[in-house]
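The values are calculated or read from the model by the stated rules, or taken from the named source; none is laboratory data. All of these numbers come straight from a predicted model, not from anything done at the bench. In this analysis, Cβ positions are derived from the backbone assuming ideal geometry, glycine residues included, and neighbour counts consider all displayed protein chains. Only protein heavy atoms, including side chains, enter the accessible area calculation; ligands, DNA and RNA are left aside. Shrake-Rupley method; radii C 1.70, N 1.55, O 1.52, S 1.80 Å.
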Amino acid sequence: MHKILIADDHSLSRAGLKMLLYRAAPGLVFHEVQTAGEALEAALNNHFDLVIMDVNMPGEGTAECVRKIVKQKPSQYIMMYSMNTEPVYEKKFLLAGARKYIRKNDNEQVIKEAVLDALLEVKTDAPA
């Protein structure tokens, strides 16, 4: 059973991502937040196999949120999820410590595979 934190200020986006991922892997457990501050608090105070975070959320800067999570939990897998297609955004968040950057307008298969690959990587990295 994998636990995933979805951080996005749009409820429809969170619901759609959950539905897509649950169809791919029915055992997933989701926790949802709407702001970067809530994402930071949830990620630091809970164990998640994967954090999927929108790049534009209200509150504290999302890149700074990623940096703080990675500083305190260096092994936390963070995947950015965005409508921004310009390479500068991807670079910014990968430099902040995210491991992957996917686009909301990617087809469902690409998004599903990115998440499932991340979960496999997390499982592989887990201590035996």
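Brief remarks on what is shown
- Taking 18 Å as the straight-line reach from the Cα of Lys104, the aspartates and glutamates in range (excluding those fewer than 8 positions away in the same chain) are Asp8, Asp9, Glu32, Asp54, Glu86, Glu90, Glu113, Asp117.
- Take Val110: with every protein chain present and a 1.4 Å probe, its accessible area is about 70 Å².
- According to the calculation over all Cα-Cα pairs in the stretch 1-65, the P(r) per 10 Å bin from zero is 24, 53, 22, 1 %.
- Averaging 1/r over every pair of different alpha carbons in the stretch 63-108 and inverting the result gives a Kirkwood radius of 10.9 Å.
- Candidate cross-link partners of Lys123 among the lysines, defined by an alpha-carbon separation under 24 Å and a same-chain spacing of 8 or more, comprise Lys3, Lys18, Lys68, Lys71, Lys73, Lys100, Lys112.
- Enclosing the Cα atoms of the stretch 1-110 in their convex hull gives a volume equal to 89 cubic angstrom per residue.
- Loop-located GluC sites (Glu not before Pro) in the stretch 1-88 (DSSP state not H, G, I, E or B) with no more than 15 neighbouring Cβ atoms inside 10 Å: Glu60.
- Helical mean residue ellipticity (222 nm; -39500 (n - 2.57) per DSSP H run of 4+; nearest 500) of the chain: -15500 deg cm²/dmol
- With θ taken as phi - 60° and the Karplus curve 6.51 cos²θ - 1.76 cosθ + 1.60 applied, the whole-hertz 3J(HN,Hα) list for the stretch 90-105 is 4, 4, 4, 7, 5, 5, 6, x, 5, 9, 8, 9, 10, 9, 5, 8 Hz, x standing for glycine and proline.
- Charged neighbours of Glu90, selected by a Cβ distance under 14 Å, balance to +3 (K, R count +1; D, E count -1).
- Local electrostatic count, Leu28, Cβ distance below 12 Å [Lys/Arg +1, Asp/Glu -1]: +3
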